[in-house]
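The values are calculated or read from the model by the stated rules, or taken from the named source; none is laboratory data. Predicted model only: the values in this text are computed from it and were never measured. Don't worry about glycine lacking a Cβ; one is built from the backbone with ideal geometry, like all the others, and counts go over all protein chains shown.
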Amino acid sequence: MSCMLIGIVSELINPTTVHQALASEHAAQWRAAMNVEYGSLMKNLTWELVPRPKSTSAKRVNVLTSVWILVVKRNEKG
């Protein structure tokens, strides 16, 4: 006997890149959500931009990057 997993595909698929989000029919909503999030990050002084130090063989520099995680929230709990 074999088991089968059946899932329901939602009508809204989460984009995997900002480019996909902004090319979708929901681009205005994605842009508004990103603007709110970016405004919050700036208001809370989440990071500080500094000059990039030079990397040498003796001293390796690890520069942190960030990415947008784009998820459709279906209600107030996510």
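Restricting segment 29-46 to residues that are polar (S, T, N, Q) and in a loop (DSSP other than H, G, I, E, B), which is surrounded by the fewest Cβ atoms within 10 Å (Cβ to Cβ)? It would help to see each step written out before you state the result.
Taking segment 29-46 and keeping what is polar (S, T, N, Q), we get 29, 35, 40, 44, 46.
When the remaining residues are screened for being in a loop (DSSP other than H, G, I, E, B), the result is 44, 46.
Values: Asn44: 8, Thr46: 10.
Checking each candidate, the answer is Asn44.
Any idea which of Gly39, Gly78 is among the small types (Gly, Ala, Ser) and modelled with pLDDT under 85?
Details: Gly39 fails: modelled with pLDDT under 85.
Answer to the selection: Gly78.
Between a first residue in segment 29-52 that is in contact (Cβ under 8 Å) with a residue 12 or more places away in the chain and a second residue that is assigned to a helix (DSSP H, G or I), which pairs have beta carbons less than 9 Å apart while being 6 or more apart in sequence or on different chains?
Matching pairs, first to second residue: Trp30/Val18; Trp30/Ala21; Trp30/Leu22; Met34/Val18; Met34/Ala21; Met34/Leu22.
Where residues in segment 47-70 are within 18 Å of the chain's Cα centre (by Cα) and surrounded by 10 or more Cβ atoms within 10 Å (Cβ to Cβ), which of them is nearest to Ile13 (Cα to Cα)?
Leu70
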